[in-house]
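First up is the structure itself, then whatever we jot down about it.
The values are calculated or read from the model by the stated rules, or taken from the named source; none is laboratory data. Quantities reported herein were computed from a predicted structural model and do not represent experimental measurements. Positions of Cβ are backbone-derived with ideal geometry, glycine not excepted, and every protein chain shown enters the neighbour counts. Please note that ligands, DNA and RNA were not included when accessible areas were found on the heavy atoms of the full protein model with its side chains. Shrake-Rupley method; radii C 1.70, N 1.55, O 1.52, S 1.80 Å.
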Number of protein chains: 4
Amino acid sequence: MFTRTLEPAFYDTDALGHINNTRLPAWFELARNDLFRLFTPDLDPRKWALIMARLDVEFLAELFYGEDIEIRTWISRLGNSSFTVTQEAWQNGRPGARGNTVLVHYDHEAKRAAPLPANVRQALEAHLVDTAEAGA
Amino acid sequence: MFTRTLEPAFYDTDALGHINNTRLPAWFELARNDLFRLFTPDLDPRKWALIMARLDVEFLAELFYGEDIEIRTWISRLGNSSFTVTQEAWQNGRPGARGNTVLVHYDHEAKRAAPLPANVRQALEAHLVDTAEAGA
Amino acid sequence: MFTRTLEPAFYDTDALGHINNTRLPAWFELARNDLFRLFTPDLDPRKWALIMARLDVEFLAELFYGEDIEIRTWISRLGNSSFTVTQEAWQNGRPGARGNTVLVHYDHEAKRAAPLPANVRQALEAHLVDTAEAGA
Amino acid sequence: MFTRTLEPAFYDTDALGHINNTRLPAWFELARNDLFRLFTPDLDPRKWALIMARLDVEFLAELFYGEDIEIRTWISRLGNSSFTVTQEAWQNGRPGARGNTVLVHYDHEAKRAAPLPANVRQALEAHLVDTAEAGA
């Protein structure tokens with residue numbers, strides 16, 4: 001599991017006084033940098049090998065400006081060419097949002113999904129967690 | 001069904017040369033203004049009566065800068081206090097993304113879900129569409 | 001002068017209940033699409049010929065969610081290879097923000113500024129306005 | 001001077017392959033959290049005492065995804081009720097952008113500017129830097 005701490009910005013809030021829902025997919029994308037490095041160690045977009053198939057976010061509690069957010073990121077499913085990333089945003093000891101992203105290893109030249117390379121698969125396996133357990 | 005046209009901004013793109021995935025939840029929120037007006041006709045945030053329970057987005061095809069986007073918005077489920085909004089982003093005659101948002105009618109003072117008011121329910125029913133049919 | 005109307009989204013607001021300041025540079029970039037088309041008619045980013053040298057925004061009055069914004073865009077200075085775009089965001093008949101952007105016609109291969117092409121210069125001249133007059 | 005490191009997200013990029021200009025005002029706002037705490041130690045938006053009068057950003061060099069950004073923040077002017085924050089975004093040992101923000105200490109009830117409180121003024125003075133020197 002990867003964890004990182006981020007600090008909300010004022011622009012992350014909305015007129016209801018809390019973090020706007022559209023910021024969660026953005027925060028989760030930022031936190032996936034740790035996973036992206038397994039595919040593209042220097043993060044050069046010209047060597048990008050992933051596309052996004054879907055995302056979902058479940059909102060569990062309000063998140064606020066003024067307190068750090070911990071993003072927890074792990075692999076919850078590892079397929080042949082695609083995998084699912086599960087992420088949570090915690091604040092003050094409780095989860096405020098949980099999301100899943102399905103990413104596909106993609107050959108941009110051939111324009112089709114490609115099997116996960118063996119070394120990347122091995123690296124991803126180290127972050128494979130049973131989600132029910134992780135969320136406990 | 002509500003439809004509206006929006007024009008991508010340069011900042012909606014990312015280094016892969018297409019629209020970044022995090023913009024879809026934002027575009028869909030903008031398009032929900034039409035639904036928000038059914039609850040709060042003047043859109044005054046101090047009278048807000050909705051919270052978001054979850055969102056998902058399925059990415060069907062790349063979307064690009066330089067061509068208009070049509071956002072289609074309808075109600076696909078109408079519960080007692082919550083409902084599901086289904087939305088699609090079309091460009092050049094094909095859908096690039098489809099998403100669902102679960103919204104809950106919420107009493108911010110009592111801090112709990114509240115039944116949909118009868119007049120709002122009636123207005124929402126006019127936009128209730130069988131999603132399988134809409135996406136056909 | 002170019003004018004276009006945009007509708008604020010809920011995510012454009014912040015916890016002070018008004019439009020967040022960081023959204024103005026974004027709205028102004030969206031409205032510059034009209035100018036970008038003079039350089040790159042199909043807006044294909046691979047043919048892009050402009051870079052940004054600076055931007056400023058002066059905040060004149062609060063802007064709010066729930067009412068349309070009119071963006072006014074004109075050229076206030078036309079140099080050899082660079083020019084200044086002045087833009088205003090109006091709501092309910094008064095200006096809420098005014099900004100300037102300095103754009104440079106740029107040769108991405110040679111990595112240096114390039115004189116404005118004659119046909120583009122002519123098109124820009126049609127939108128050249130004395131700013132003091134425009135803001136009156 | 002305050003310094004903090006931030007990591008670009010993929011959504012910070014645009015189709016030109018670098019960081020989009022609209023992200024700089026956002027990054028600078030995030031880094032002003034350090035200053036905001038001098039006014040509102042718990043960052044509670046309901047106790048907010050600042051409004052923004054203007055911002056500018058000068059773009060000095062491209063910034064890229066994949067390498068950390070260091071944001072440097074200091075006070076370059078300290079007036080009676082307003083002050084100017086100067087900020088720079090550095091990457092790989094060179095400045096990519098420099099910006100100024102004019103903030104006004106504001107009495108939201110009386111709806112007018114208010115003198116800086118003595119203790120805040122003292123705290124701000126500790127971060128007052130001659131900008132020509134800082135940029136050397």
Revision key, fill the gap. Of (1) at the interface with another protein chain (Cβ under 10 Å from one of its Cβ atoms); (2) without any contact (Cβ under 8 Å) to a residue 12 or more places away in the chain, D:F64 satisfies every one except (2)
Exercise for review: Could you tell me whether C:W74 is more than 20 Å from D:T22 (Cβ to Cβ) and in contact with a Ser or Thr (Cβ under 8 Å, 6 or more places away or on another chain)?
Suggested key: yes
Check your understanding: Restricting attention to the stretch B:1-54, which residues are closer than 18 Å to C:P45 by Cα and of a type in the set (D, E)?
Key -> B:E7, B:D12, B:D14
Check your understanding: If you scan the stretch C:15-59, which residues turn out to be among the hydrophobic types (A, V, I, L, M, F, W, C) and more than 30 Å from A:T13 (Cβ to Cβ)?
Key -> C:L35, C:F36, C:L38, C:F39, C:L43, C:W48, C:A49, C:L50, C:I51, C:A53
Exercise for review: Look through the stretch D:117-136, keep the residues that are open to solvent by 70 Å² or more (accessible area, probe 1.4 Å) and part of a loop (DSSP other than H, G, I, E, B), and return whichever of them is modelled with the lowest pLDDT.
Suggested key: D:A136
Revision key, fill the gap. Restricting attention to the stretch C:1-10, the residues that are open to solvent by 30 Å² or more (accessible area, probe 1.4 Å) and either at the interface with chain B (Cβ under 9 Å from one of its Cβ atoms) or within 21 Å of B:R4 (Cβ to Cβ) (or both) number exactly 5
Point to revise | Residue satisfying all of: in the stretch C:91-116; in contact with a Ser or Thr (Cβ under 9 Å, 6 or more places away or on another chain) and outside any strand (DSSP E or B); surrounded by the most Cβ atoms within 10 Å (Cβ to Cβ) among these | key: C:L116
Practice item. Considering every residue within the stretch A:28-45, establish whether at least one is in a helix (DSSP H, G or I), closer than 30 Å to B:A49 by Cα and either within 11 Å of chain D (Cβ to nearest Cβ) or open to solvent by less than 20 Å² (accessible area, probe 1.4 Å) (or both). Key: yes
Check your understanding: Quick check: is even one residue across the stretch D:64-80 touching a helix residue (DSSP H, G or I) at 6+ places or on another chain (Cβ under 7 Å), on the phi > 0 side of the Ramachandran plot and open to solvent by less than 70 Å² (accessible area, probe 1.4 Å)?
Key -> no
Check your understanding: So C:L16 fits all but one of (1) touching a Ser or Thr at 6+ places or on another chain (Cβ under 8 Å); (2) within 14 Å of chain B (Cβ to nearest Cβ); what number is the exception?
Key -> (1)
Practice item. State yes or no: is D:E88 more than 10 Å from every other protein chain (Cβ to nearest Cβ), acidic (D, E) and under 20 Å from D:T131 (Cβ atoms)? Key: yes
Point to revise | Residues within the stretch D:11-26 that are open to solvent by less than 10 Å² (accessible area, probe 1.4 Å) and either in contact (Cβ under 8 Å) with a residue 40 or more places away in the chain or part of a helix (DSSP H, G or I) (or both), tallied | key: 5
Exercise for review: Name, by its number, the condition in (1) closer than 30 Å to C:H18 by Cβ; (2) within 14 Å of another protein chain (Cβ to nearest Cβ); (3) open to solvent by 30 Å² or more (accessible area, probe 1.4 Å); (4) acidic (D, E) that does not hold for C:D56.
Suggested key: (3)
Practice item. Starting from the stretch C:28-39, keep only residues that are modelled with pLDDT of 95 or more, then list their pairs with residues that are part of a helix (DSSP H, G or I) and small (G, A, S) whose Cβ atoms are within a distance under 6 Å, requiring at least 6 positions of separation or different chains. Key: C:L38/C:A123
